[in-house]
Amino acid sequence: MNKNIEHYVFHKENFLDEKFCENSIDELNKCTWQKHEWYNFVTDSSQGRSGDNELEILSENMFSWEIGKINDFIIQNLHSTILEYVESLKFDWFGDWTGYSAIRFNRYFLGQTMLNHCDHIQSLFDGERKGIPTLTILGILNDDYEGGELIMFEDKKIDTKKGDLLIWPSNFLFPHKVSPVTKGVRHSYVSWV
């Protein structure tokens with residue numbers, strides 16, 4: 001077992017090809033988005049933490065038919081990459097993951113950010129499946145923006161390009177944030193195992 005936790009951030013380059021990413025952004029720009037909110041389990045309420053600088057999201061219940069097709073394509077291709085990550089760990093005791101959430105698309109305009117957090121999303125699996133996510137999946141749809149860096153471990157910038165995919169454990173050892181976008185628009189998507 002590797003004791004350097006940075007070892008457990010898996011980077012799959014070119015998970016999606018450039019044309020698919022560009023077409024996806026074209027379709028996403030036709031949609032109606034909403035501001036991201038953080039759920040507080042203590043108060044059982046949701047609210048933004050960054051005011052006007054909170055990113056925008058497009059979740060499954062907001063998908064058009066075209067976005068549903070994009071979601072389905074990504075979901076169909078995730079299984080093999082998650083398996084590649086899990087097998088790379090060489091943990092014979094870890095293999096009990098049973099699926100993953102629908103995609104949520106994220107969009108960051110000028111000044112928008114996501115504050116530091118970990119992905120203990122208690123409301124994500126509160127139906128038939130119970131618990132919190134085991135793994136976080138983050139995909140990048142473009143790289144023609146400035147700022148908007150993914151920062152992990154307080155100060156480590158994770159370099160990504162259009163089409164790349166990252167996977168890491170969804171626990172308190174992997175806090176992450178997205179710095180404010182300073183030019184352009186950042187498009188990404190997330191899912192959780």
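Screening residue 91 on (1) part of a loop (DSSP other than H, G, I, E, B); (2) closer than 22 Å to residue 15 by Cβ shows it passes everything except condition (2).
Condition (residue is surrounded by 13 or more Cβ atoms within 10 Å (Cβ to Cβ), within 19 Å of the chain's Cα centre (by Cα) and farther than 25 Å from residue 148 by Cβ) applied to region 51-64: is it met by at least one residue? Within region 51-64 (the criterion being surrounded by 13 or more Cβ atoms within 10 Å (Cβ to Cβ), within 19 Å of the chain's Cα centre (by Cα) and farther than 25 Å from residue 148 by Cβ), the answer is no, since none of the residues qualifies. Mind listing whichever residues of region 31-65 are in contact with an Asp or Glu (Cβ under 8 Å, 6 or more places away or on another chain) and over 15 Å from residue 112 (Cα atoms)? Those that are in contact with an Asp or Glu (Cβ under 8 Å, 6 or more places away or on another chain) and over 15 Å from residue 112 (Cα atoms): 46, 47, 64. Just give me the residues in region 9-37 being surrounded by 17 or more Cβ atoms within 10 Å (Cβ to Cβ) and hydroxyl-bearing (Ser, Thr, Tyr), in sequence order. Correct list: 24 only.
Is there a residue being surrounded by fewer than 12 Cβ atoms within 10 Å (Cβ to Cβ) and either more than 21 Å from residue 50 (Cβ to Cβ) or under 11 Å from the mean Cα position of the chain (by Cα) (or both) anywhere in region 105-126? Looking through region 105-126, at least one residue is surrounded by fewer than 12 Cβ atoms within 10 Å (Cβ to Cβ) and either more than 21 Å from residue 50 (Cβ to Cβ) or under 11 Å from the mean Cα position of the chain (by Cα) (or both). So, in region 161-171, exactly how many residues are in a loop (DSSP other than H, G, I, E, B), modelled with pLDDT of 95 or more and on the phi < 0 side of the Ramachandran plot? Final tally of qualifying residues: 3.
Please determine whether any residue of region 128-135 is more than 26 Å from residue 7 (Cα to Cα) and in contact (Cβ under 8 Å) with a residue 24 or more places away in the chain. Yes, some residue in region 128-135 is more than 26 Å from residue 7 (Cα to Cα) and in contact (Cβ under 8 Å) with a residue 24 or more places away in the chain. Considering only region 131-143, I want to know if a residue exists there that is over 12 Å from the mean Cα position of the chain (by Cα), within 15 Å of residue 16 (Cβ to Cβ) and assigned to a loop (DSSP other than H, G, I, E, B). Yes; the residues of region 131-143 include at least one that is over 12 Å from the mean Cα position of the chain (by Cα), within 15 Å of residue 16 (Cβ to Cβ) and assigned to a loop (DSSP other than H, G, I, E, B). Does residue 70 satisfy the condition of being surrounded by 14 or more Cβ atoms within 10 Å (Cβ to Cβ), of a type in the set (Val, Ile, Thr) and in contact with a strand residue (DSSP E or B) (Cβ under 7 Å, 6 or more places away or on another chain)? No; evaluated as a whole, the condition is false for this residue.
For residue 165, are the conditions met, namely being closer than 23 Å to residue 24 by Cβ, crowded, with 18+ Cβ neighbours inside 10 Å and touching a His at 6+ places or on another chain (Cβ under 7 Å)? In short, no.
Residues that are within 18 Å of residue 103 (Cα to Cα) and in contact (Cβ under 8 Å) with a residue 24 or more places away in the chain: list the strands (runs of 3 or more DSSP E) wholly contained in region 1-77 that include at least 1 such residues.
Working: elements: 10-12, 38-40, 45-47, 56-58.
Answer list for region 1-77: 10-12, 38-40, 56-58.
Only one residue in 87, 66, 60, 56 is of a type in the set (D, E, K, R), modelled with pLDDT of 90 or more and within 22 Å of residue 121 (Cβ to Cβ). Which one? It would help to see each step written out before you state the result.
On the way: 87 fails: within 22 Å of residue 121 (Cβ to Cβ); 66 fails: within 22 Å of residue 121 (Cβ to Cβ); 60 fails: modelled with pLDDT of 90 or more.
Of the residues listed, the single one that is of a type in the set (D, E, K, R), modelled with pLDDT of 90 or more and within 22 Å of residue 121 (Cβ to Cβ) is 56.
Can you give me the number of residues within region 138-148 that are surrounded by fewer than 16 Cβ atoms within 10 Å (Cβ to Cβ) and closer than 24 Å to residue 51 by Cα? Write out each step before concluding.
Filtering region 138-148 for residues surrounded by fewer than 16 Cβ atoms within 10 Å (Cβ to Cβ) gives 144, 146.
With closer than 24 Å to residue 51 by Cα added as a condition, the list becomes 146.
Number of matching residues: 1.
With respect to residue 135, is the statement that it is among the aliphatic types (A, V, I, L, M), within 29 Å of residue 66 (Cα to Cα), modelled with pLDDT of 90 or more and surrounded by fewer than 18 Cβ atoms within 10 Å (Cβ to Cβ) true?
On the way: among the aliphatic types (A, V, I, L, M): yes; within 29 Å of residue 66 (Cα to Cα): yes; modelled with pLDDT of 90 or more: yes; surrounded by fewer than 18 Cβ atoms within 10 Å (Cβ to Cβ): no.
No, not satisfied.
The values are calculated or read from the model by the stated rules, or taken from the named source; none is laboratory data. Just so you know, these numbers come straight off a predicted model, no measurement behind them. When we count neighbours, we look across all protein chains shown, and the Cβ atoms used for this are built from the backbone with ideal geometry, even at glycine.
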